[in-house]
1. Quick one: among Ala280, Ala89, Ala251, which has the greatest mean-square fluctuation in a GNM of the chain with alpha-carbon springs under 10 angstrom?
2. When the chain is modelled as a GNM with alpha-carbon springs shorter than 10 Å, which of Leu197, Leu208, Leu95 fluctuates the most?
3. With a ≥ b ≥ c the root eigenvalues of the C-alpha gyration tensor of segment 219-336, is it rounded (a/c under 1.5), prolate (a/b larger than b/c) or oblate?
4. On a 18 Å Cα-Cα criterion, which of the cross-link pairs Lys80/Lys343; Lys34/Lys83; Lys262/Lys290; Lys99/Lys336; Lys242/Lys262; Lys34/Lys335 come out too long?
5. Helix 8-24 versus the longest principal axis of the chain: what angle, 0 to 90°, nearest 10, using Cα atoms?
6. With the contact rule set at Cα under 8 Å and sequence spacing of 6 or more, what percent relative contact order holds for segment 182-328?
7. Give a residue-ordered list of calculated ³J(HN,Hα) values for segment 298-303 (Karplus: 6.51 cos²θ - 1.76 cosθ + 1.60, θ = phi - 60°; whole Hz; x for Gly, Pro).
8. Can you run phi through the Karplus equation (6.51, -1.76, 1.60; θ = phi - 60°) for segment 68-75 and list ³J(HN,Hα) in whole Hz, with x for Gly and Pro?
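Derivation of every value follows stated rules applied to the coordinates shown; laboratory data play no part. Please read all numbers here as calculations on a predicted model, not as lab measurements. Quick reminder, even Gly has a Cβ in these numbers, built from the backbone with ideal geometry, and neighbours come from all protein chains shown.
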Amino acid sequence: MKLHRLPISLTVALLALAPLSLRAAEPGLVSVEKIWDKGSHNAFTDLIRWHDTWYCTFRESEAHVGGNGKLRVLESGDGKTWKSAALIAEEGVDLRDPKFSITPDGRLMIVGGGSIYNGTKTLQGRQPRVTFSKDGREWSAPTPVLSEGEWLWRVTWHDGKAYGISYDSSARSTPAAKAATATGKVELDPADWKLKLFVSTDGVKYDLVTHLDVPGNPNESTVRFLPDGEMIALVRREAGSKLAWIGRSQAPYTDWTWKETKHQVGGPNFIRLPNGSLWAAGRSYPGGAKTVVARMTTDSYEPVLTLPSSGDTSYPGLVWHDGLLWMSYYSSHEKKSSIYLAKIKLPQE
């Protein structure tokens, strides 16, 4: 077989274009705008598009921890001009980490944490809350779900059921260790935090599906579904290597396969695009906290784009709309913790 060499001029041209093609395969920041900073501390966002209207929710309080936080809901018809649609509060309770979903009967739902501080900065109690709306403006009173100590961090609806992972950081020690500690005989012997998968048909009453065997103090977790019904989970870990884990399971979601990623992540979120690719976002830690967008597969998470951010930051909301990734997040890089909306161009391999 005879090999034909390309003309030198054409070879040089192709080599010159190669870096451009590689860069074209990377995500690019189209725009980023601050959309809210009226609270003393604005944080922990989520984003959804519902009835052709944008909704962004987050917590307003005095600081990252402490105070009785309230859940602000913003709405926008065009994604440019935002106004407050609701402020959800519960007396004596710090409402935080709100996450949107849409129920099978078409209502907008928020699941969040309900923490008790009683005027201190020490956590004295915690139980998840849910609230519902038919118009995005009038919301039901926050309803406690699960049991004391649980934190149901996000739910995703699939085939008429809401699935979500809850963690319980109070389950860090055995009863025997606690009793010994109370008498002053031994120091507390901590164990891993407990991670559980729950399911609900109405968003209020939840049943345990299974305990998830994830070590390293697992906590904040997002689950999504592939077209064949397989569930994928992205889990934050706070001990051991602290590297995020990705899990996958087929129905009935009791048997899981886990992979450790190469990166630590805070406030994890991810979505599946129409072309089947997975994209994630969350807090990145090396060199100081930043909010990043990451390529994701069922066994990998790789940050590829850093958003304008630093300090107290992350907890993104993600929506794919009109060929762009719309992303809410919060950051304190402009001194005050504020809410931002970014539009990101993603490669369509």
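1. Taking springs between Cα atoms under 10 Å, the residue moving most is Ala251.
2. Most flexible of the set in this elastic network: Leu208.
3. oblate
4. Result: Lys99/Lys336 exceed 18 Å.
5. 20 degrees
6. Here the relative contact order equals 14 percent.
7. My calculation for segment 298-303 gives 6, 9, 8, 9, 9, x Hz in order.
8. These are the phi-based 3J(HN,Hα) values: 9, x, 10, 9, 8, 10, 9, 9 Hz.
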